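First comes the structure, then the notes that go with it.
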Amino acid sequence: MKVLVAKPGLDGHDRGAKVVAHALRDAGVEVVYSGLKRTPDEIVAEAVQ
């Protein structure tokens, strides 16, 4: 299984997304973290790849 974790919006608070990504990795899931301040269009484009 592969999961995309994204942080939309303009603030720089991504701790929750990183905690979720870390927990999923620990459970053996392949995680792609797209980073901070992503637009919905950027997130969709990354999900489609």
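A short reminder: the numbers here are calculations on the coordinates, not readings from a lab. If you're wondering where the values come from, they're calculated on a predicted model, not measured in any experiment. Cβ: placed from backbone, ideal geometry, glycine included. Neighbour counts: every protein chain shown.
What the table below lists for this structure:
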| read-out | value |
| --- | --- |
| Any hit, segment 16-26, residues being without any contact (Cβ under 8 Å) to a residue 12 or more places away in the chain, surrounded by 12 or more Cβ atoms within 10 Å (Cβ to Cβ) and of a type outside the set (A, V, I, L, M, F, W, C) | yes |
| Subset of segment 25-46 [outside any strand (DSSP E or B), under 11 Å from the mean Cα position of the chain (by Cα) and on the phi < 0 side of the Ramachandran plot] | SER34, LEU36, ILE43, GLU46 |
| Residue list for segment 3-14, filter: within 11 Å of the chain's Cα centre (by Cα) and not β-branched (Val, Ile, Thr) | LEU4, ALA6, LYS7, PRO8, ASP14 |
| Per-region count, segment 1-24, residues assigned to a helix (DSSP H, G or I) and β-branched (Val, Ile, Thr) | 2 |
